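Encoded as structure tokens, the structure appears first; notes follow it.
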Amino acid sequence: MSGPSYAEVIGDPIAQSKSPLIHKFWLDALGLAGDYRRSHVTPDALAAFVEQRRADPDWRGCNVTIPHKVAVMDLVDDPGNIRGTIGAMNTIVRQPDGSVIGTNTDAAGFYAPLADLDLEGAPVAVVGAGGAARAVLFALARAGVGHVTILNRSPLKAMGLLATFGLNGEVVGLDSSLPPVSLLVNSSSLGMTGQPPLDLDLSPLPDDAIVYDLVYAPLQTELLGAAEARGLDTVDGLDMLIGQAALAFELFFDAPPPEGRDDELRGLLTA
Ligand code: NAP
């Protein structure tokens, strides 16, 4: 006999995840009966976890966070060729026939706040070359950006990403000065609570530049504070967090999140 449908977020660690708060807020707001849980899954338990859930007709799927975004690609179907493009999955969805597919909603979630801008040919700078940077660079390549400067601790990794996404640009160290780009994105862990700060001099940026920080803990990072002090437009990490969750929610529960409730949700996430 089947019970109420549910989705979940998996990772190791998992206690910090904001996904249950977001998805439960939307389930409640829509009056849907489903549930959204958090499950601690270690790397050695990932394959057995996916097999066990695959057999559960109540399971709608899961969000995937650190450290499973790459490993999970070996365990699920990949109809959208995520492996050959972004190279990391953050959402797994069980199909009615019991097959399980993986996708990535981070790239679209990242891009949503920028969708009204014309980034065609625009010079951009991206800090970081990890999983989040892959989604960012994929989205920026699709938007047709111009010269891309990646600032990263490990240069070889970043050079590989320029090639992977067919971007023109260069890789520089974290202590290099910024070029005068239209958009600066921090997709590294720097500036996160418990991590070293991201220490960048923003003075080379033009007055109409946008500074986008994916870090959401804390929400008001030093980078965003410095950008605001310069009068630059900013985008914080909650926009992407909510954006990627919205796409996953619709895949899990066959309904879009309620409209007009983002301010309330942001309030809960920052309480
Ligand atoms: P990741 O794959 O572990 O990559 C981390 C990146 O940060 C790498 O480029 C790494 O440099 C760099 N880094 C880490 N510690 C460093 C240090 N001490 N010094 C210099 N560089 C350092 O992590 P991720 O999944 O990409 O996540 C990165 C950030 O994005 C996190 O803050 C995460 O919370 C945030 N994020 C936000 C959202 C959202 O929805 N807002 C979504 C995804 C991720 P190396 O390449 O040299 O190792």
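The values are calculated or read from the model by the stated rules, or taken from the named source; none is laboratory data. All values derive from a computational prediction rather than experimental measurement. Using ideal geometry, Cβ is built from the backbone for each residue, glycine included, and neighbour counts are taken over all protein chains shown.
Tabulated data for the structure shown
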read-out	value
Selection from region 213-234 of residues that are farther than 16 Å from residue 200 by Cβ and either within 13 Å of the ligand (Cβ to nearest atom) or among the β-branched types (Val, Ile, Thr) (or both)	216, 217, 218, 219
Any hit, region 191-206, residues being over 17 Å from the mean Cα position of the chain (by Cα), on the phi < 0 side of the Ramachandran plot, among the small types (Gly, Ala, Ser) and surrounded by fewer than 15 Cβ atoms within 10 Å (Cβ to Cβ)	yes
Region 141-157: number of residues that are under 15 Å from residue 87 (Cβ atoms) and out of contact with any helix residue (DSSP H, G or I) (no Cβ under 8 Å at 6 or more places or on another chain)	2
Residues satisfying the stated conditions in region 74-95, i.e. surrounded by 20 or more Cβ atoms within 10 Å (Cβ to Cβ) and over 16 Å from the mean Cα position of the chain (by Cα)	76, 94
In region 158-178, the residues that are in contact with a helix residue (DSSP H, G or I) (Cβ under 9 Å, 6 or more places away or on another chain) and within 15 Å of residue 188 (Cβ to Cβ)	158, 161, 171, 172, 173
Tally, over region 138-190, of residues that are over 18 Å from the mean Cα position of the chain (by Cα) and among the basic types (Lys, Arg)	2
The lone exception for residue 210 - which of (1) more than 11 Å from the ligand (Cβ to nearest atom); (2) surrounded by fewer than 21 Cβ atoms within 10 Å (Cβ to Cβ); (3) of a type in the set (A, V, I, L, M, F, W, C) it fails	(2)
Residues satisfying the stated conditions in region 1-45, i.e. part of a strand (DSSP E or B) and among the polar types (S, T, N, Q)	39
Complete set of residues in region 88-129 that are touching a Lys or Arg at 6+ places or on another chain (Cβ under 8 Å), within 16 Å of residue 65 (Cα to Cα), assigned to a loop (DSSP other than H, G, I, E, B) and modelled with pLDDT of 95 or more	89, 90
Tally of residues being of a type in the set (A, V, I, L, M, F, W, C), in contact with a Gly (Cβ under 8 Å, 6 or more places away or on another chain) and surrounded by 23 or more Cβ atoms within 10 Å (Cβ to Cβ) across region 49-71	1
Selected residue [over 19 Å from residue 193 (Cβ atoms) and among the aliphatic types (A, V, I, L, M)] from 269, 214, 205	205
